[in-house]
Number of protein chains: 2
Amino acid sequence: MREVAIVAAGMTNFGELWQSSLRRMFVDAASEALEAAGVKKVDSIYIGNMSAGQFVGQEHLGPLMAGELGQAGAAAARVESACASGGVALRTAFMDVASGMSDLVLATGVEKMTDGADVTAVLASAADQELEAYYGITFPGLYAMIARAHMQKYGTTEEDLAWVSVKNHRHGAMNPKAQFGREVTLEQVMKSTPVSEPLRLLHCSPVSDGAAAVLLCPLDQAHKYTDRPVQIIGTGLATSSIALADRSDMTYLDAVQLSAVRAYEMAGVGPADLDVAEVHDCFAIAEICCIEALGLVEKGKGGAAARDGLTALGGKIPVNTSGGLKSKGHPVGATGIAQTIEIFEQLRGDCGKRQVEGAKVGLTQNMGGSGASSATHLFRRV
Amino acid sequence: MREVAIVAAGMTNFGELWQSSLRRMFVDAASEALEAAGVKKVDSIYIGNMSAGQFVGQEHLGPLMAGELGQAGAAAARVESACASGGVALRTAFMDVASGMSDLVLATGVEKMTDGADVTAVLASAADQELEAYYGITFPGLYAMIARAHMQKYGTTEEDLAWVSVKNHRHGAMNPKAQFGREVTLEQVMKSTPVSEPLRLLHCSPVSDGAAAVLLCPLDQAHKYTDRPVQIIGTGLATSSIALADRSDMTYLDAVQLSAVRAYEMAGVGPADLDVAEVHDCFAIAEICCIEALGLVEKGKGGAAARDGLTALGGKIPVNTSGGLKSKGHPVGATGIAQTIEIFEQLRGDCGKRQVEGAKVGLTQNMGGSGASSATHLFRRV
């Protein structure tokens, strides 16, 4: 298997991008990555996208986006695993390069969520349609049940949840591409509108538009395109029951844990080796469960991590220095690639005020639904 | 790159399967493949599916299908390239095994089209939403324009189109899994209802439900699972402009040609080496354009091929011995895998009355939209 590196990245701002279409956002992000590497032509393009079909009536993004980018002819296809679509796009691009099939591959993600579709209903199609969505439950409700179970089992509090949001907004305030580039106070979070108790508005990631792209090539060719490549040293993809009710322990995201074990084993590193991590905080409780499943904290101890500063910038293992899904925004198909870009930039030392000094090894974890699919990747500065 | 083989296959009947759901069809096909190989657990599952989101309100097929199949935990994801989704699933599975990431990988496809969605509108989301679908054109109209252009440029006739249907129905009448397992006469085709002139009802593939699955592993492990493996010797994926109006010659499917060149080069074989081929006859004109782009006949000569018996069983290069999309049915995401199964069975000598005697090398070509994406694969009996 060939070793694989990321050599360039491009990303739109995340937010309500009324002036920009699905294809325009894609081209903005992907052409930024190509220009940064001085690349005119790629072999393949993978597009992480959850549901352009339902959101804007457009399937078949492979040829559409290849053509719009001036890359008609390239091998191109969409990959989908709900909100983990970006992570799966990265993994597919990795396989394409690792296998020797292609040398220059774009791993991208894009989602246009603000064009009038019933966003909550579309997102609910990432749950089990027959056993969950049909009965009316949506993701705030599913994650609220996870939060209640975590509170009951481990004594996690509403304030613990709120600290995750406070931390991620503090980080996001230093990210010029974030949808909400401002801090929030503990009091603001605790007094925000209840959405599905115990989750309040400021525990929830927003509805967003955006696109992101990274360019991959064999590690031994990376220096043609950049003097600071970042190697992808591990990839893990795993699944669990799509319906929350089918899992033996709602607080335990077994797909996240399994995807992490696979990535750690492939890379030969463990949680203690990490300098920085981007994890899937679609709701505050998700970050708590994910850092447990990834082994960043002990099982049941996730609730204290943000409150105690462990996962803040300057803490033992900074989590979501980009602002996370909560503050940076969550255009669902783009999220896994945006996480990758944050780690790429951290390991290159390009993160300015939110830089983790001397970061060498980083992790991204991107999940779909209520944790039914998870893609974990590990990266190292070369 | 590791060499890759197919060792087992499973497939539902194609048709209007009122009694079967999306997940049930998937499990029927995939478990048939697993049982044939005596395999309990796979590493990865790729699911070709165009639009379960729009058809039945279900995205996130990776964990859903892995779980339903008793394979929760496996790496699993959906891949989409409209009607070429199955071909792209096969290619992704190939890369997974070829790279050394996984040993046992299911490449699958599934589509449930008869559950009440506006099928023609959903399919139109494989066209350019802003430049084509928005103005009301659907695929019968797009392919009718291709047909008119081919008639004008090369003198192809309505009768030439009809012979494609007659041939494919003759083949399909020997396929017990075909949606329309009966012959049609030239007169029946020529007198069938006009859909979008010059295309009549019997020039068009039907709306179908169905699922198909093949099991891949490294070639050097294949004899653990079967005494008659079939090697995947070439894979090519290519794109063209998604909008028909953006192409310089509507009759020339450049993505098909490019995908074939890539597959031929990888395999070290050419059109003259083929014993049997499955090509994407969503409309009769599509088969004519595809066999030209694949080099099975000269450019402009595709119209005569079915009429002259060249592409019939017993002809120089039998095309669509399964009955093709026209007679076998076209559950869009499953089609590329069903094509693969026909070639797998032809190369193993399992096709009964429609067997091509002594077939050693076969081809599948699966495309999306009006030919904007195309996946071509080449196979050899081991």
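The values are calculated or read from the model by the stated rules, or taken from the named source; none is laboratory data. This one's a predicted model, so the numbers in the text were calculated from it and none came from an experiment. Glycine gets a Cβ as well: all are built from the backbone with ideal geometry, and neighbour counts include every protein chain shown. Quick note on the areas: whole protein, heavy atoms, side chains included, nothing else; ligands and nucleic acids left out. Shrake-Rupley method; radii C 1.70, N 1.55, O 1.52, S 1.80 Å.
Ordering A:Tyr264, A:Tyr135 by how much accessible area each has at a 1.4 Å probe, largest first, what is the list?
On the way: A:Tyr264 25, A:Tyr135 165 Å².
Descending accessible area places them as A:Tyr135, A:Tyr264.
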In whole percent, the Cα-Cα distances of region B:181-235 spread across 10 Å bins from 0 upward as 17, 27, 16, 22, 17, 2
For the protein assembly as shown, build the convex hull from the C-alpha positions and give me its volume per residue in Å³.
131 Å³
Residue-by-residue Karplus 3J(HN,Hα) for region B:53-70, coefficients 6.51, -1.76, 1.60, Hz, glycine and proline x:
x, 7, 6, 9, x, 10, 9, 6, 5, x, x, 4, 6, 4, x, 4, 8, x
Write down the Kirkwood hydrodynamic radius of region A:61-166, to one decimal in angstroms, obtained as one divided by the mean of 1/r over all alpha carbon pairs.
17.2 Å
Hz values of 3J(HN,Hα) by residue in region A:99-111 - Karplus curve (6.51, -1.76, 1.60), Gly and Pro given as x
6, x, 5, 9, 9, 10, 10, 8, 9, 9, x, 7, 8
For A:Thr193 and A:Arg24, FRET efficiency with R0 = 30 Å and r from the beta-carbon atoms, rounded to 0.05?
0.40
What percentage of all Cα-Cα pairs in region A:260-319 are separated by more than 16 Å?
39 percent
Between chains A and B, what is the buried accessible area summed over both chains (1.4 Å probe, protein heavy atoms, nearest 100 Å²)?
4300 Å²
Where a Cα-Cα gap under 16 Å defines reach, which lysines qualify for B:Lys301, not counting those fewer than 8 residues away within the same chain?
B:Lys153, B:Lys316
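Taking a ≥ b ≥ c as the square roots of the eigenvalues of the Cα gyration tensor of region B:76-125, is the shape rounded (a/c under 1.5), prolate (a/b larger than b/c) or oblate?
prolate
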Tell me the label-point distance for the pair A:Lys41, B:Arg182, using the 7 Å Cα-to-Cβ offset, in nm and rounded to one decimal.
5.2 nm
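Can you pull out the trypsin sites (Lys or Arg not before Pro) in region A:7-44 that DSSP calls coil and that have at most 12 other Cβ atoms within 10 Å? Before the final figure, lay out each step's value.
Values: sites: A:Arg23, A:Arg24, A:Lys40, A:Lys41; in loops: A:Lys40, A:Lys41.
Qualifying residues, ordered by number: A:Lys40, A:Lys41.
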What accessible area, in Å² to the nearest ten, does a 1.4 Å probe give for A:Ile317?
10 Å²
Please give the per residue accessible area of region B:294-382, computed with a probe of 1.4 Å over protein heavy atoms only, in Å².
27 Å²
Pairs to check: B:Lys112/B:Lys328; B:Lys40/B:Lys224; A:Lys41/A:Lys360. Give those whose C-alpha atoms are more than 22 Å from each other in this structure.
A:Lys41/A:Lys360
Multiplying the sequence separation of A:Glu16 and A:Glu265 by 0.36 nm and subtracting their Cα-Cα distance, what value in nm do you get?
85.7 nm
Write down the Kirkwood hydrodynamic radius of region B:335-382, to one decimal in angstroms, obtained as one divided by the mean of 1/r over all alpha carbon pairs.
11.4 Å
Can you list the equivalent-ellipsoid semi-axes of region B:90-222, largest first and in whole Å, using the square root of 5 times each Cα gyration tensor eigenvalue?
34, 21, 16
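Helix-only estimate, please: 222 nm mean residue ellipticity of the protein assembly as shown, summing -39500 (n - 2.57) across DSSP H runs of length 4 or more and dividing by its residues, to the nearest 500.
Details: 26 runs with 268 residues, N = 764.
Roughly -10500 deg cm²/dmol at 222 nm, from the helical runs in the protein assembly as shown.
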Please list A:Lys191, A:Lys299 in order of solvent-accessible area, largest first, computed with a 1.4 Å probe with all protein chains present.
A:Lys191, A:Lys299
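What is the Å³ per residue value for the convex hull set by the Cα atoms of region A:170-270? Show your work: numbers first, answer last.
Values: hull volume 19.6 nm³, N = 101.
Dividing the Cα hull volume of region A:170-270 by its residues yields 194 Å³.
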Dmax and Rg, reported as Rg then Dmax, of region B:1-107 (C-alpha, Å)
13.4, 43
In chain B the accessible area split gives carbon plus sulfur, as whole percent at 1.4 Å, a share of 48 percent
Quick one: 3J(HN,Hα) in Hz for region A:191-205, Karplus 6.51/-1.76/1.60 with θ = phi - 60°, rounded, Gly and Pro as x.
9, 6, 4, x, 9, 8, 4, x, 7, 10, 3, 7, 9, 10, 6
Every other copy gets compared here: list the nm distances from the A:Thr120 label point (7 Å along Cα to Cβ) to its counterparts, shortest first, one decimal.
3.5
Other-copy label distances relative to A:Asp308, 7 angstrom Cα-Cβ extension, nm:
8.0
How big is chain B by Rg and Dmax over its Cα atoms, in Å?
18.8, 56
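So with the 1.4 Å probe, I'd like the accessible area per residue for region B:148-282, rounded to whole Å².
Working: 5300 Å² over 135 residues.
With the other protein chains kept in place, region B:148-282 gives 39 Å² per residue.
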PRE reach from B:Asp350 (point 7 Å along Cα→Cβ): which of region B:100-120 fall under 20 Å by backbone N?
B:104-110
Rank B:Ile233, B:Ile146, B:Ile137 by mean-square fluctuation in a GNM of chain B with C-alpha springs under 10 angstrom and give only the top-ranked residue.
B:Ile137
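State the percent of C-alpha pairs, over all pairs in region B:1-59, separated by a distance greater than 19 angstrom.
On the way: 695 of 1711 pairs.
Every Cα pair in region B:1-59 considered, those over 19 Å come to 41 percent.
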5 Å is the cut-off here: which amide hydrogens, built 1.01 Å from N in the peptide plane, fall below it relative to B:Ala82, excluding neighbours closer than 5 in sequence?
A:His60
Shortest first and in nm, the label-point separations between A:Gln19 and its counterparts in the other identical copies (7 Å out along Cα→Cβ) come to 5.9
How large is Rg over Rh for region B:216-299, taking Rg from the Cα atoms and Rh as the Kirkwood inverse mean of 1/r across Cα pairs?
1.07
